[in-house]
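Everything on this sheet refers to the single structure shown next.
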């Protein structure tokens, strides 16, 4: 029985303190915006509703189905929450889930919590919401269109979260981008299929029993700001990874050493290798991975489009 | 009967999710949650800021954790036993020994991959840092009830509403988790694996599981409406209040001061040696 299945919870020790602090800063800003937005949307219902839905996501992560060879499909839930509740509410719900996993169950570190909230809460929710809405505009709002849109959105949300996590690890010098990016992207391309199947299954049930809930989720405010925030955040992370800054980004140790005036001593072996190992690798495989993920996304979305269009005609 | 036993192994009847907190009578348990939060954050920061390969200071830090775990009457190796949760993530750092340039140490037989001492050092440092950080937060959550922990976050100017939401989540966590377990048990008892009968396909299974997620959501939504109505009828006005307020006492100050001294000592040790 596992309650937090995805290998996305970064523990402490993997991110440099400076990067971790930056993550906390972003996370607090976005949480505050999200709180204000949902307050307007829900009023004093906000706390009980968000709290119970966060507990729901946590519990739903225990629901699995066997895939093959002892592995099983699990749910992360960011995209599902965003489809049902809108982007800002989903970001809050996932923030609560990820925080509890770190605070109480040691799933993900306390200092790394800022980035974990951004990766698994904010980015998955926003990416899922934006792509779900975008696809619906394309292929209509029939039942099957909603189901395939939910699949594609959930798959993409996992991929976005995983890529962000890989880049953060690379920026911290924990895992070179050449390895981390392709590895995380490909593993989560598989995990994302499970996520997509579960999410679309849930949407199918909701469409059959309570379509009003799905309609309310689509009317939830904040589409444009969410697009900007998610797009900006993701762009910032990717740019940070590919800028020349990344290769010489100060390690937490170096940063403190600089502050303490210890840099001269620290220039010796332990630190000398640090700055330059990313440069030769960063260009090629990383770019190809991003390219591969983009192509994969296009494929998933085109299939969703074809299936959605095809079945929609049948229904008519 | 055998099937039933097998199922109860697959699907436990009830999970007490909140059993991470271990109630004991100890000085550490009685500390102010703010002091404990600050203390664990300081330990985590220290282990992360220590230079690579500073094994002695890290060892002292580990000794401190063992000491705290003993002082909180959890047993000396309580944290060690529970600290393996972060291990799977180490896969992410596994390429480091091979990809960091440095003096070659050892070559992987067959593949010819070279392990460098610099890379190995980095990898081991990450391993130790993660291990110590996890143990620090295990002590925190094993000695502090979740509600106190949240109160501490509130006191540190954490966004008040998100803390209220998390508090609400914790209250309903085990109810909804049990609900999920009941659904899993129902599914398991209706779908035994029988010899000679083909397993249903992946898509079909995932659709069933997805429907379970969907109906769990509907139950949660309806429950939240009931809860909200009940709260309103009892005078809820959007504000979560708390009667008992922990207070910072001498012992809390002493602990914090002691921690700061010890951690400073560890730091200076790592830079002198």
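The values are calculated or read from the model by the stated rules, or taken from the named source; none is laboratory data. Because the structure is predicted, anything quoted here is derived from the model rather than measured. As a convention, Cβ positions derive from the backbone with ideal geometry for all residues, glycine included, and neighbour counts pool all protein chains shown.
Output the number of the condition that residue B:170 fails; it satisfies all remaining conditions of (1) crowded, with 16+ Cβ neighbours inside 10 Å; (2) closer than 30 Å to residue A:38 by Cβ; (3) more than 7 Å from chain A (Cβ to nearest Cβ).
So the condition that residue B:170 fails would be (3).
Of (1) touching a helix residue (DSSP H, G or I) at 6+ places or on another chain (Cβ under 6 Å); (2) free of Cβ contacts under 8 Å to residues at least 60 places away in the same chain; (3) surrounded by fewer than 23 Cβ atoms within 10 Å (Cβ to Cβ), residue A:141 satisfies all except one. Which?
(1)
Just checking, how many residues over region A:81-96 are at the interface with chain B (Cβ under 10 Å from one of its Cβ atoms) and either free of Cβ contacts under 8 Å to residues at least 40 places away in the same chain or within 13 Å of the chain's Cα centre (by Cα) (or both)?
2
Which of (1) under 27 Å from residue A:104 (Cα atoms); (2) facing chain A (nearest Cβ under 7 Å) is the odd one out, the single condition residue B:219 does not satisfy?
It fails just one condition, (2).
Could we say that residue B:59 is more than 22 Å from residue A:9 (Cβ to Cβ) and at pLDDT 90 or above here?
The answer is yes for residue B:59.
If you go through region B:239-253 one residue at a time, how many are loosely packed, with under 12 Cβ neighbours inside 10 Å and not in a loop (DSSP other than H, G, I, E, B)?
Count: 1.
With region A:167-247 as the region, which helices (runs of 4 or more DSSP H) entirely inside it contain at least 1 residues that are surrounded by fewer than 21 Cβ atoms within 10 Å (Cβ to Cβ) and within 12 Å of chain B (Cβ to nearest Cβ)? Please lay out each step first, then the result.
Numbers: elements: A:177-209, A:211-219, A:223-242, A:244-247.
Fully inside region A:167-247 and qualifying: A:177-209, A:211-219.
If a residue must be closer than 22 Å to residue A:105 by Cβ and more than 8 Å from chain B (Cβ to nearest Cβ), how many such residues does region A:21-48 contain?
So the count comes out to 3.
Just the residues that are assigned to a helix (DSSP H, G or I), surrounded by 20 or more Cβ atoms within 10 Å (Cβ to Cβ) and more than 9 Å from every other protein chain (Cβ to nearest Cβ), please, taken from region B:136-147.
Hits for region B:136-147 are B:139, B:142, B:143.
All but one of (1) more than 25 Å from residue A:28 (Cα to Cα); (2) touching a helix residue (DSSP H, G or I) at 6+ places or on another chain (Cβ under 7 Å); (3) in contact (Cβ under 8 Å) with a residue 24 or more places away in the chain hold for residue A:184, so report the exception by its number.
The failed condition is (3).
Consider residue B:158 against the criteria (1) surrounded by fewer than 24 Cβ atoms within 10 Å (Cβ to Cβ); (2) in contact with a helix residue (DSSP H, G or I) (Cβ under 8 Å, 6 or more places away or on another chain): it satisfies all of them except one. Which criterion is unmet?
(2) is the only condition that residue B:158 fails.
Just checking, which of B:270, B:224 is buried (at least 18 other Cβ atoms within 10 Å of the Cβ), part of a helix (DSSP H, G or I) and within 27 Å of the chain's Cα centre (by Cα)?
The match here is B:224.
Go through the residues of region B:6-16 one by one and say whether even a single one is closer than 20 Å to residue A:102 by Cβ, modelled with pLDDT under 90 and within 13 Å of another protein chain (Cβ to nearest Cβ).
yes
Given the options B:93, B:133, name the one that is facing another protein chain (nearest Cβ under 10 Å), over 18 Å from the mean Cα position of the chain (by Cα) and closer than 24 Å to residue A:175 by Cβ.
Checking each option against the conditions leaves just B:93.
How many residues does region B:173-194 contain that are over 18 Å from residue B:214 (Cβ atoms) and within 7 Å of chain A (Cβ to nearest Cβ)?
So the answer is 1.
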